[in-house]
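Read the structure below first, then the notes.
The values are calculated or read from the model by the stated rules, or taken from the named source; none is laboratory data. Nothing here was measured: the structure is a model prediction, and the numbers come from that model. When we count neighbours, we look across all protein chains shown, and the Cβ atoms used for this are built from the backbone with ideal geometry, even at glycine.
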Amino acid sequence: MKLAIASGKGGTGKTTVAVSLALSLASAAVPPLFLDCDVEEPNAALFLRPEMMARRDVGLLIPVVDTARCTACGRCAEVCEYHAITVIGKQVLVFPELCHGCGSCPRQCPEGAIHETLNVMGTLEKGLAGAVEFFQGTLNVGEAMAVPVIRQLKQWAMQPDVGDRPVILDAPPGASCPVVETMRGADAVLLVTEPTPFGLHDLRVAVQVARDELGLPVAVIVNRDGVGDAGVDTYCAAEGLPILLRIPLERAIAEGIANGASLIDIRPEYRESFIALWDELGVVIRNS
């Protein structure tokens, strides 16, 4: 099963849940893969503490124009949907920050005057956190597009031999393109929320993306249970969204996480709860 763990807003405890689930499944016969897809601010490594074993640069192939061969015919600009290349007079201008690396311009250039070079946007790393195979991407400061880094992180980690191995994808917060890319190809989405009006508002948006737009089965975890109101419960009941786990608002849990401990370290009894949650997600998928 490939499970994306997401939230409509930051700070709901999404990474806390993802790390706890990975640690709970680590003793299984087939331990999980963990992908930290929050490439703008990856932090799962702070809790899993993996020993990194490999690192590579990642980015997009962007066009480079050979001015000696270019006739400024404008064909490259015609085929570029993102306006990343344009022709002004006899000069061809390339805007790397707009390029999506589709490769259309070198294939369409009648003079063969365009080749591609790697524009490094970030790094990918992999390692081991006990039995958990860990992968993370990190977007370079100043880069605008996280999606290419997430896409290549998934390609690197989820090789064809993954099979039925558990895969946990820790998504970025929100409901924008990086979240959609993380969810794409998942078997289900687990949304972490909190029982407040803000939590409910952003849960609605995340459900719309995961279930209504991508057609994925969705389940919910309520974190900081015991505060706020009953709005999240009412919404989930009306939408047929199962709430698989509730994590109470406790000072000891907050202090432990702030000090870099996982929920499983702080409350070992939750290990069985997360193992049961994994099995319940299989039922959610079969019934969807």
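All of Q108, Q136, Q159, Q155 fail the test of being polar (S, T, N, Q), out of contact with any Phe, Trp or Tyr (no Cβ under 6 Å at 6 or more places or on another chain) and within 30 Å of T86 (Cβ to Cβ), apart from Q108. Going by the structure shown, is V192 touching a residue at least 12 places away in the same chain (Cβ under 8 Å) and under 24 Å from G240 (Cβ atoms)? So V192 fits the description; yes.
Entry remark, segment 58-77: residues being within 16 Å of C99 (Cβ to Cβ) and hydrophobic (A, V, I, L, M, F, W, C) number 8 in total. Flag: A219 matches the condition of being in a strand (DSSP E or B), at negative phi and in the same structural domain as V162 (by TED's automatic domain parsing). Of the helices (runs of 4 or more DSSP H) that lie entirely inside segment 98-210, those containing 3 or more residues that are outside the structural domain of A28 (by TED's automatic domain parsing) span 104-108.
Just for segment 1-24: of the residues that are of a type in the set (S, T, Y) and not in a loop (DSSP other than H, G, I, E, B), which one is nearest to A258 (Cα to Cα)? Once the filter is applied, the top-ranked residue is T16. Residue check: A44 meets all listed conditions (1) assigned by TED's automatic domain parsing to the domain that holds L281; (2) touching a Gly at 6+ places or on another chain (Cβ under 9 Å) but one, namely (2).
Any chance segment 231-244 includes a residue that's within 27 Å of L46 (Cα to Cα), crowded, with 17+ Cβ neighbours inside 10 Å, touching a residue at least 24 places away in the same chain (Cβ under 8 Å) and under 20 Å from the mean Cα position of the chain (by Cα)? The answer is no; no qualifying residue exists.
Of everything in segment 246-285 that is free of Cβ contacts under 8 Å to residues at least 40 places away in the same chain and not in a helix (DSSP H, G or I), the residue that is surrounded by the fewest Cβ atoms within 10 Å (Cβ to Cβ) is E269.
Of all residues in segment 245-252, at least one satisfies being within 22 Å of V227 (Cα to Cα), assigned by TED's automatic domain parsing to the domain that holds V189 and of a type in the set (K, R). Can you find even one residue in segment 14-29 that is in contact (Cβ under 8 Å) with a residue 60 or more places away in the chain, within 23 Å of G142 (Cα to Cα) and surrounded by fewer than 22 Cβ atoms within 10 Å (Cβ to Cβ)? So far as segment 14-29 goes, no, none of its residues is in contact (Cβ under 8 Å) with a residue 60 or more places away in the chain, within 23 Å of G142 (Cα to Cα) and surrounded by fewer than 22 Cβ atoms within 10 Å (Cβ to Cβ).
Are any of the residues in segment 160-183 among the hydrophobic types (A, V, I, L, M, F, W, C), over 30 Å from S27 (Cβ atoms), surrounded by fewer than 23 Cβ atoms within 10 Å (Cβ to Cβ) and in contact with a strand residue (DSSP E or B) (Cβ under 6 Å, 6 or more places away or on another chain)? Taking every residue of segment 160-183 in turn, none turns out to be among the hydrophobic types (A, V, I, L, M, F, W, C), over 30 Å from S27 (Cβ atoms), surrounded by fewer than 23 Cβ atoms within 10 Å (Cβ to Cβ) and in contact with a strand residue (DSSP E or B) (Cβ under 6 Å, 6 or more places away or on another chain).
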